[in-house]
Amino acid sequence: MATAASDSRAAPLPTPLRTVDEQLQMILDGIGSLEPIELTLLDSQGLLLAEDVRSDFPLPSFDNSSMDGYAVRAIDTRSASEDKPVRLQVVGDIAAGATTRSGMGPGLSMRIMTGAPIPAGADAVIPLEDTDRGLARVAITRPVHTGECLRRAGEDLPAGSPALGAGAALGPQQLALLAAIGRDRVVVRPRPRVIVLSTGSELVEIGQRPGFGEVIDSNSYMIAAAAKDAGADARRVGIVADDHATLLDALESQLLRADILVTSGGVSMGAYDVVKEALSDLGTVEFTKIAMQPGKPQGFGYLGNKVPIFCLPGNPVSSLVSFETFVRPAIRKLLGKRNLHRATVQATLTEDIESPRSVRQFRRGVLKRTDDGGYSVSLVGGPGSHLIASLALSNCLVVLDEQTTAVSSGSAVTVMPLLLANR
Ligand code: AMP
Ligand code: MG
């Protein structure tokens with residue numbers, strides 16, 4: 001048995017923990033963006049275009065009216081005034097949807113609706129409200145300029161010109177343009193398929209009332225929701241007991257369906273930390289201690305045909321912080337996004353806090369806007385990583401970097417708002 005004396009003689013120098021940045025860099029270096037696929041317009045919302053799109057017809061595709069009014073030749077209205085209106089014969093009606101091109105001669109006019117094609121022979125539209133709205137003849141009380149109230153073919157997008165380039169993010173505006181130029185499908189970077197498993201023999205499904213020693217699995221819901229929020233197509237597989245064979249089978253059966261696997265639990269030093277034990281044996285997943293709090297034990301590696309697997313610690317707060325720190329940027333990279341990281345803001349701290357040296361600490365906070373347009377942040381929940389109720393009260397993480405050991409009330413701290421994308 002080792003004595004204190006022999007311990008101190010043989011004690012190896014403590015190896016510094018790997019930093020958050022080193023771990024993240026290592027993860028991102030091994031991950032590229034997913035191969036493009038073709039999707040329908042609404043399925044491509046929020047994704048990045050992976051092709052250059054041109055229109056083979058102009059927008060608008062024909063000269064049309066921007067107002068309800070009368071199509072005229074501007075020159076015919078030159079002398080019009082309130083006192084001496086010009087009166088033009090109305091030779092027809094053109095509604096939006098008129099598919100034949102009408103025409104009119106000099107000295108004539110046609111009643112026209114917004115979006116309807118301009119008749120040949122007309123070069124302007126006078127809005128209804130600047131006329132007497134006549135049916136057979138119309139009185140015009142001011143001169144009309146050539147081109148007035150006209151939307152010219154191609155003025156928005158000439159035929160053959162680029163509409164959207166590869167890399168464009170597809171939001172409602174971009175989907176409108178794609179629809180307008182007749183594209184019902186586009187080639188995009190797909191949503192990564194994220195498969196979420198919870199490990200732990202103490203875990204039970206929601207429908208079950210937990211008995212003594214049992215805990216309802218909440219991590220898989222939290223992580224699946226966070227993955228969706230990051231842009232992934234997330235699926236929870238559910239609970240896997242702390243058993244080597246069961247875990248390896250469960251992972252194996254998901255491999256073909258996954259672009260990323262995420263497990264929670266079983267990565268610490270405990271006797272039943274099965275994820276660590278079973279996956280370490282495979283040799284493709286590395287278990288490391290990271291200089292962060294919470295979230296010190298982390299596993300990352302690859303299974304099967306190079307499917308990245310993240311093994312997060314089981315305590316709910318640790319799990320979420322680990323997801324935010326490592327998994328979210330990886331999902332964004334698979335999506336092809338250039339900006340992998342959440343935006344942070346500076347907020348005024350409402351209390352004194354301390355933080356361990358050489359560790360990046362993440363505290364749960366409540367971020368509020370202040371009257372002067374800035375932000376204030378207060379901590380919520382104690383140091384325990386098991387505190388789910390206070391986690392639910394938080395809307396941000398307060399990030400205290402490796403150099404920080406104390407921050408006093410009234411100073412600025414870095415805060416990462418965790419706002420849902422669709423709020
Ligand atoms: P572990 O990382 O497996 O040692 O788990 C640490 C703590 O987190 C234990 O108290 C677990 O019961 C709890 N825990 C692990 N997985 C989950 C889960 N999926 N949902 C809720 N709590 C969990
Ligand atoms: Mg466990």
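Considering only segment 269-311, how many residues are touching a residue at least 40 places away in the same chain (Cβ under 8 Å) and within 14 Å of ligand 2 (Cβ to nearest atom)?
Within segment 269-311, residues that are touching a residue at least 40 places away in the same chain (Cβ under 8 Å) and within 14 Å of ligand 2 (Cβ to nearest atom) number 4.
Is it fair to say GLY115 is over 54 Å from the mean Cα position of the chain (by Cα) and on the phi > 0 side of the Ramachandran plot?
It is false that GLY115 is over 54 Å from the mean Cα position of the chain (by Cα) and on the phi > 0 side of the Ramachandran plot.
Inside segment 172-203, can you point out the residues that are within 15 Å of ligand 1 (Cβ to nearest atom) and of a type in the set (Gly, Ala, Ser)? Outline the logic, then answer.
Pass one, segment 172-203, residues within 15 Å of ligand 1 (Cβ to nearest atom): 195-203.
Within segment 172-203, SER198, GLY200, SER201 meet the criteria.
State the number of residues belonging to segment 204-236 that are within 9 Å of ligand 1 (Cβ to nearest atom), of a type in the set (A, V, I, L, M, F, W, C) and free of Cβ contacts under 8 Å to residues at least 40 places away in the same chain.
Here the count works out to 2.
Is it the case that segment 272-286 has a residue that's farther than 21 Å from LYS333 by Cβ, in a strand (DSSP E or B) and within 14 Å of ligand 1 (Cβ to nearest atom)?
The answer is no, given that none of the residues of segment 272-286 is farther than 21 Å from LYS333 by Cβ, in a strand (DSSP E or B) and within 14 Å of ligand 1 (Cβ to nearest atom).
Looking only at residues in segment 191-217 that are in contact with a Leu (Cβ under 8 Å, 6 or more places away or on another chain) and over 30 Å from LEU49 (Cα atoms), which one is nearest to ligand 2 (Cβ to nearest atom)?
THR199
Of everything in segment 253-274, what is in contact with a strand residue (DSSP E or B) (Cβ under 8 Å, 6 or more places away or on another chain) and over 20 Å from VAL327 (Cβ atoms)? Give them in sequence order.
Residues satisfying the conditions are MET269, VAL274.
Within 16 Å of ligand 2 (Cβ to nearest atom), part of a loop (DSSP other than H, G, I, E, B) and more than 25 Å from the chain's Cα centre (by Cα): does that describe GLY314?
Details: within 16 Å of ligand 2 (Cβ to nearest atom): yes; part of a loop (DSSP other than H, G, I, E, B): yes; more than 25 Å from the chain's Cα centre (by Cα): yes.
Yes: the conditions hold for GLY314.
Which numbered condition in (1) closer than 21 Å to MET269 by Cα; (2) buried (at least 19 other Cβ atoms within 10 Å of the Cβ); (3) in contact with a Leu (Cβ under 6 Å, 6 or more places away or on another chain) is the only one that LEU334 fails?
Looking at each condition in turn, LEU334 falls short on (1).
Give me the strands (runs of 3 or more DSSP E) completely within segment 328-417, filtered to those with at least 1 residues that are basic (Lys, Arg), ordered by residue number.
360-369
Restricting the search to segment 215-257, which residues are more than 23 Å from the chain's Cα centre (by Cα), part of a helix (DSSP H, G or I) and over 16 Å from PRO192 (Cα atoms)?
Across segment 215-257, the qualifying residues are HIS244, ALA245, THR246, LEU247, LEU248, ASP249, ALA250, LEU251, GLU252, SER253.
Determine whether ALA96 is surrounded by 15 or more Cβ atoms within 10 Å (Cβ to Cβ), in a loop (DSSP other than H, G, I, E, B) and of a type outside the set (Val, Ile, Thr).
When the stated conditions are applied, ALA96 does not pass them.
Considering LEU340, LEU349, which residue is assigned by TED's automatic domain parsing to the domain that holds SER408, modelled with pLDDT of 95 or more and of a type in the set (A, V, I, L, M)?
It is LEU349.
Of the residues SER264, SER220, SER253, which single one is of a type in the set (Ser, Thr, Tyr), more than 16 Å from ligand 2 (Cβ to nearest atom) and modelled with pLDDT of 95 or more? Working first, answer last.
On the way: SER264 fails: more than 16 Å from ligand 2 (Cβ to nearest atom); SER220 fails: more than 16 Å from ligand 2 (Cβ to nearest atom).
Every option except SER253 fails the conditions.
Can you tell me which residue is farthest from ligand 1 (Cβ to nearest atom) among those in segment 287-311 that are closer than 15 Å to ARG360 by Cα and not in a strand (DSSP E or B)?
The qualifying residue farthest from ligand 1 (Cβ to nearest atom) is ALA291.
When you look at THR246, is it closer than 30 Å to ALA343 by Cβ, within 16 Å of ligand 2 (Cβ to nearest atom) and in contact with a helix residue (DSSP H, G or I) (Cβ under 9 Å, 6 or more places away or on another chain), yes or no?
For THR246, the condition - closer than 30 Å to ALA343 by Cβ, within 16 Å of ligand 2 (Cβ to nearest atom) and in contact with a helix residue (DSSP H, G or I) (Cβ under 9 Å, 6 or more places away or on another chain) - is not met.
For residues that are under 19 Å from ASN315 (Cα atoms) and among the basic types (Lys, Arg), tally how many sit in segment 204-246.
1
Do we find that VAL267 is aliphatic (A, V, I, L, M), in a loop (DSSP other than H, G, I, E, B) and within 16 Å of ligand 1 (Cβ to nearest atom) in this structure?
Yes.
Checking the structure you have, find out if any residue of segment 69-84 is assigned to a loop (DSSP other than H, G, I, E, B), free of Cβ contacts under 8 Å to residues at least 12 places away in the same chain and under 30 Å from PRO162 (Cα atoms).
The answer is no, given that none of the residues of segment 69-84 is assigned to a loop (DSSP other than H, G, I, E, B), free of Cβ contacts under 8 Å to residues at least 12 places away in the same chain and under 30 Å from PRO162 (Cα atoms).
Specify the residue that is surrounded by the fewest Cβ atoms within 10 Å (Cβ to Cβ); the eligible residues are those in segment 24-60 that are outside the structural domain of ALA159 (by TED's automatic domain parsing) and in a helix (DSSP H, G or I).
Per the criteria, the residue is ASP29.
The values are calculated or read from the model by the stated rules, or taken from the named source; none is laboratory data. Treat the numbers as computed from the prediction; the structure is a model and nothing was measured. In this analysis, Cβ positions are derived from the backbone assuming ideal geometry, glycine residues included, and neighbour counts consider all displayed protein chains.
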